[in-house]
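Remarks on the structure that follows.
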Amino acid sequence: MDANRRLLVLGAGRQQLGLLQAARQQGLLVVAVDRDSAAPGFRLADRRALISFEDEPSLHRLAEAEHIDGVISPANDWSVGIAARIAHRLALPHPLDPKTAALASSWLKQRERFEEAGVPNDAWLGDGPEVTVQAFSLAGEFHALSGPAGVAALAERAASVLGIREGPTSTRIRITPRGPQVIELAARLGSPAEVELARAATGVDLNDLALKGALGEPIALDELLRRPQAA
């Protein structure tokens, strides 16, 4: 990955720490935004701005002023759509087009699309154990990296009907007497703990892949292949 490329990261809280650390290790110039001046991720950024990651007009102006090469929302669903729209308006690479990102960032729109396509889905509040499938899509191919094998196909179907062909997804699924049901799909990274679990189990670093996707860097298929990990 080219060092010194400029990346706008929406959010600098605990949930963004893993990606911010990965960006620092890659030598990227990171512009981080958060409305909390004490956000722990600011210490990992080169430039900091006290802006809410939901304030789209201000974020767009900042992106223009900083001449960014990419933008990412690693941990907040609503700003997934904002990141995609900013990238689109500035003609920057991005794994999601604005229409797909808007669909993925709205739980209500997701539910409507799942119902139309016949994807089994359940309400936020319900009975039964939950599992999460962490995955990364590359050129339309869905690669599940964590979660029970028996529900990976449902997570893949959910991503497909939402039009997600590139980038990370984190899909919550509830196991019910009616079978597995999708609760929600987040078109972003999971929590730092979930990302680390996937890395420990497969050797695949979702943070690095998400950074490449946000900057339009090529991703080779072998970067998504599971590798045996040392005990």
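The values are calculated or read from the model by the stated rules, or taken from the named source; none is laboratory data. Worth saying up front: this structure is predicted, and the values here are computed from it rather than measured. Glycine gets a Cβ as well: all are built from the backbone with ideal geometry, and neighbour counts include every protein chain shown.
Here are the numbers for this structure:
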{"read-out": "Whichever residue in the range 1-33 is more than 16 Å from HIS67 (Cβ to Cβ) and among the charged types (D, E, K, R) and, among such residues, is surrounded by the most Cβ atoms within 10 Å (Cβ to Cβ)", "value": "ARG24"}
{"read-out": "Unique match (being surrounded by 13 or more Cβ atoms within 10 Å (Cβ to Cβ) and either touching a residue at least 12 places away in the same chain (Cβ under 8 Å) or assigned by the TED database to the domain that holds ARG174 (or both)) among ALA123, ALA83", "value": "ALA83"}
{"read-out": "Test: HIS88 is modelled with pLDDT of 95 or more, within 30 Å of GLU112 (Cα to Cα) and either assigned to a strand (DSSP E or B) or more than 18 Å from the chain's Cα centre (by Cα) (or both)", "value": "no"}
{"read-out": "ALA32 being among the small types (Gly, Ala, Ser) and outside the structural domain of LEU215 (by the TED database)", "value": "yes"}
{"read-out": "Residue count, the range 165-201 (criterion: under 23 Å from TRP78 (Cα atoms), among the aliphatic types (A, V, I, L, M) and out of contact with any Asp or Glu (no Cβ under 9 Å at 6 or more places or on another chain))", "value": "3"}
{"read-out": "So VAL9, is it modelled with pLDDT of 95 or more, part of a helix (DSSP H, G or I) and of a type outside the set (D, E, K, R)", "value": "no"}
{"read-out": "Positions within the range 170-181 being in contact with a Ser or Thr (Cβ under 7 Å, 6 or more places away or on another chain) and farther than 16 Å from ARG111 by Cβ, in sequence order", "value": "SER170"}
{"read-out": "Residue within the range 27-39 that is on the phi > 0 side of the Ramachandran plot, within 18 Å of the chain's Cα centre (by Cα) and small (Gly, Ala, Ser) present", "value": "no"}
{"read-out": "Conditions (1) in contact (Cβ under 8 Å) with a residue 24 or more places away in the chain; (2) in the same structural domain as ALA159 (by the TED database); (3) surrounded by 13 or more Cβ atoms within 10 Å (Cβ to Cβ); (4) not small (Gly, Ala, Ser); number of the one not met by ASP69", "value": "(2)"}
{"read-out": "Matching entry among ALA153, ALA193, ALA159, ALA201 (being touching a strand residue (DSSP E or B) at 6+ places or on another chain (Cβ under 8 Å) and part of a helix (DSSP H, G or I))", "value": "ALA159"}
{"read-out": "Residues satisfying the stated conditions in the range 34-66, i.e. of a type in the set (A, V, I, L, M), surrounded by 17 or more Cβ atoms within 10 Å (Cβ to Cβ) and within 18 Å of LEU90 (Cα to Cα)", "value": "LEU59, LEU62, ALA63"}
{"read-out": "LEU185, sole failed condition from (1) crowded, with 20+ Cβ neighbours inside 10 Å; (2) in a loop (DSSP other than H, G, I, E, B)", "value": "(2)"}
{"read-out": "Selected residue (criterion: nearest to ARG178 (Cα to Cα)) from residues of the range 94-142 that are over 21 Å from the mean Cα position of the chain (by Cα) and not in a loop (DSSP other than H, G, I, E, B)", "value": "GLU115"}
{"read-out": "Where ASN76 falls short, out of the listed (1) modelled with pLDDT of 95 or more; (2) within 13 Å of the chain's Cα centre (by Cα)", "value": "(1)"}
